[in-house]
1. Among all the lysines, which ones have a C-alpha under 16 Å from K446's C-alpha, if same-chain residues fewer than 8 places away are not counted?
2. Among the lysines, select those whose C-alpha is under 20 Å from the C-alpha of K529, and discard any that sit fewer than 8 residues away in the same chain.
3. Any idea how far apart A503 and D448 come out in nm if each label point goes 7 Å out from Cα toward Cβ?
4. R113 versus I284, label points 7 Å from Cα toward the beta carbon: distance in nm?
5. HN-Hα J couplings of region 469-483 from phi, Karplus 6.51/-1.76/1.60, θ = phi - 60°, integer Hz, Gly and Pro as x?
6. How large is the Rg to Rh ratio of region 437-538 when both quantities use alpha carbon positions and Rh follows Kirkwood?
7. Need one word for region 109-157: rounded, prolate or oblate. Basis is the Cα gyration tensor (sqrt eigenvalues a ≥ b ≥ c); a/c below 1.5 gives rounded, then a/b vs b/c decides.
8. Between D532 and E407, what is the label-point separation in nm under the 7 Å Cα-to-beta-carbon projection?
Amino acid sequence: MFPPIAEAAHGTHEISHPLGLMTGHELGDRGVEIKSGHDGGNDNDDPGQPVKESGALHKGFAGRYFGRQVRSINYALLFFGCIAFHVLGTWSVPLIDRDEPRFAEASREMIERGDYIVPHFNNQLRLDKPPVAYWAQVASYLTFGENDFAARFPSAIAAALVAMSILAWGSRIGDARTGWWAAIIFTLSLQTFVHGKAAVADMWLVLFVTLAHWAGYELIRRLATNWKWWFVFYFSLALGFLTKGPIAWTPLLTIATMKYFARDLQLAARFKFVRGIILMLAIIALWGIPALRQTNGEFFRIGIGRHVIGRSFSAMESHGSNSLDIYLLLLPFYFVTIFASFFPWSIKLPALTRKLWRNRDQIDIYLLCGAGVVFVIFTLIKTKLPHYTLPAFPLLALLAARHIESERFLKGVTTFMICLYLLLSLGFAPFAARYFPARELFEQAKNDLRPEMEFGAVDFQEPSLVWYFRSKVKGWMTSLKEKNGTEFMQKDGPRFVILPTAAVSKTLPDVSAAWKVYATSGFNVAKGKQVDLTLILKPQ
């Protein structure tokens, strides 16, 4: 269990006035109401003075949260319940092109090479992302074997840890109800449902950004630096960078934005930025320096240059547009897609916005700053995908839990969404699996595959082919054009080629009777089109 979660679970912490930013008179003058995160009757009347937790306060705190032992059990139930919820169906649906099989295969090649610093995909450098997600998948493979379930399991773990963090943080800024509903709201959001099952890095990024935002809140609300939370803040920023790059540093911008709303806030004294950033960079350097040395600086040029700076100023892989007119038209993209991504809770976003516009406290402002920073950054970046704003969802969940008062709405929607997600995971997923052509071809041919075989692909060259066929074949996929198919199959040694069914007669007009032929139809998710594929295998 992460230290801050453990601390929240056992109620051993020092309490000061929430956020510790302004006195009650100053807040009154600004028309902002401050709500205490711990509203027991033993709070100090002077908001400027820290309050040590007394025996009576601890008793009230523990009693209100059902006691230390029961609360620990509840955290465990939430954790394992979330894992069960997220892993349901992950073994049924094949890995979806292109990101899932790229991550899954790169992690497998880490094990094959014994190189846990620089990822490779299909024997080529894969410098798109830092290593944390790969390391998590490697650990999963060593436990469960190299399969679809093991590739996706780490995301379920990360999603469960995010839910625990939200429960603990929500209980500190409100009460047990706030924490529980915030965790439920996050878990049942559509994008969480999708990415809690996906073999990608996003849920780990959400975890570290959430921990950093939580630690930042704890540092702001205290009158002096709390070193435990200080270490959590900078460790989370470092691990977030090692997950998906500089976007993990958005909590720093959240803290800077808070300065606008509380100009007398002594950020430097609480955060000690210079030594904190040195610590963060030192942690990153433990991986970064060996990675840069092994790749002669390519990891920085491609990982930061192309995938951070490049995504910011140009649309990559057709996600967005390089046209100025279309770019301006897409500026509201995330403020529209949030209604699908944060579904079903997005139903309440208009009412929540109106409520917070009229009346908000400093906790609301902090949460809004964190969510707003994420939305603004990705609004300005040219490459756009709906899930990019996922790191803001824990903050939105906390806001929703604090202000949605209708228990009937919360319980009704929760029941409906659990039933819907179970239907999708256990009913729809097995039905959809048959439309994934790479795994269908693999299942047909797997008994005839041998480790020494070589294989190539014409036209359909998606990463899923590499992931599935390399579980039996130890060579690498060769990308071919139609005119090269015959030459490839005429080489010595056992081999096979995958190509569009319509191209078989042209590419391989004379198929030997000793060769084996398999065919399937399916859907190319990456290109959004129907495909008919044929696999032709030469046994000897």
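A short reminder: the numbers here are calculations on the coordinates, not readings from a lab. Treat the numbers as computed from the prediction; the structure is a model and nothing was measured. Note that we place each Cβ from the backbone using ideal geometry, even for glycine, and neighbour counts take in every protein chain shown.
1. K472, K474, K516, K538
2. K481
3. 2.0 nm
4. Taking the simple label geometry, R113 and I284 are separated by 2.2 nm.
5. The phi angles translate into 6, 6, 6, 10, 10, 8, x, 10, 6, 9, 7, 10, 9, 3, 5 Hz.
6. When Rh is taken as the Kirkwood radius, the ratio is 0.92.
7. Here region 109-157 falls in the prolate category.
8. 6.0 nm
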